[in-house]
Amino acid sequence: FWGKVWTLVAWCEMRDDFRAFRIDRIASVVIAGRIFKPERGKQLADFYRAVERSEDYGMAPDRAARS
């Protein structure tokens, strides 16, 4: 939850990185029928570690946006 919108943090195959997707902007979902095996660097714990290492970690969201 960022401010006034809910977000879904997930691995983005197209960007090859984590992305925060706004729930209110997801128009449809297509089940691809593929099963992803856990890969190093693409799991939620990896996202949390990256956030903790970032310079903005611990800042209020409005301050982080200005830095």
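The values are calculated or read from the model by the stated rules, or taken from the named source; none is laboratory data. Here the structure is a predicted model, which means the values were calculated and not measured. Cβ sites come from the backbone with ideal geometry, for glycine too, and all protein chains shown count toward neighbours.
With respect to (1) exposed (fewer than 10 other Cβ atoms within 10 Å of the Cβ); (2) modelled with pLDDT under 85; (3) of a type outside the set (S, T, N, Q), the lone exception for Tyr57 is condition (1). Looking only at the stretch 2-27, count every residue that is basic (Lys, Arg) and within 23 Å of Glu39 (Cα to Cα) and tell me the total. The number of residues fulfilling the criteria is 2. Restricting to the stretch 1-12, what's the tally of residues that are out of contact with any Lys or Arg (no Cβ under 6 Å at 6 or more places or on another chain) and over 15 Å from Asp46 (Cβ atoms)? So the answer is 6.
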